[in-house]
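Accompanying notes for the structure given below.
The values are calculated or read from the model by the stated rules, or taken from the named source; none is laboratory data. Since we're looking at a predicted model, the values are computed, not measured. What goes into the accessible areas is simple: the full protein's heavy atoms, side chains included, and nothing from ligands, DNA or RNA. Shrake-Rupley method; radii C 1.70, N 1.55, O 1.52, S 1.80 Å.
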Amino acid sequence: MLELFQGDAALWVLFSTGVLSATLLPGGSEASLVAALSVGDHPVWLVIAIATLGNTLGGMTNYWIGRWLPNKTSHEKHGHKALLWLKKYGYWSLLFSWLPIIGDPLCLAAGWLRMHHWLSMVLILLGKAARYAVLAMLVQGLL
């Protein structure tokens, strides 16, 4: 199985699992990141960047799906935990888009609430990059 993470194929597998795991589909981008780092064919910064790019693209896919959902009036936008987070903490909630279970709905809710897409993307990217950087440091024994 580790042969998938050798050479340039590793970056494509890492990117693909990043996209899939950030959508509403199940995926394991963390396992792919650990495998790519363990093989060691690519610099750590590149592995983190590719994983972050794919995962951010998946998060933004959820955002745009949310944008396509019918816009409800503000009194109807309540009840779901992701919506409550976004209402309470605003854009800063998107830094936690990497969290299991709530992260994907956060991105979806941001689109549904018509939050600004560029700012949403930057905060989603920062949150996901921080997660991968910490995971990479753990794998490398730096934490």
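The table that follows gives values for the structure above.
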item: Residue-level accessible surface for Lys128, protein heavy atoms, 1.4 Å, Å²; result: 0 Å²
item: Residue among Gly18, Gly66, Gly90 with the largest mean-square fluctuation in a Gaussian network model of the chain, springs linking Cα atoms under 10 Å; result: Gly90
item: On Cα atoms only, tilt of 8-22 relative to the major axis of the chain in degrees; result: 20 degrees
item: Principal-axis tilt of helix 117-139 within the chain, Cα atoms, nearest 10 degrees; result: 40 degrees
item: Alpha-carbon radius of gyration plus Dmax, which is the widest Cα pair, for the chain in Å; result: 15.9, 52
item: With Cα atoms, 0 to 90° folded angle of helix 103-112 axis to the chain main axis; result: 40 degrees
item: Estimated [θ] at 222 nm from DSSP helical runs (n ≥ 4, -39500 (n - 2.57)) normalised by residues in the chain, nearest 500; result: -21500 deg cm²/dmol
item: Approximate shape of the stretch 97-137 as ellipsoid semi-axes (Cα gyration tensor, √5λ), whole Å, largest first; result: 21, 12, 4
item: For the chain, built as a Gaussian network whose Cα springs stay under 10 Å, the top-fluctuating residue of Trp64, Trp45, Trp12; result: Trp45
item: Normalised contact order of the chain, rounded percent, pairs of Cα under 8 Å and 6 or more residues apart; result: 26 percent
item: Solvent-accessible ranking of Phe96, Phe5, Phe15, largest area first, probe 1.4 Å; result: Phe96, Phe15, Phe5
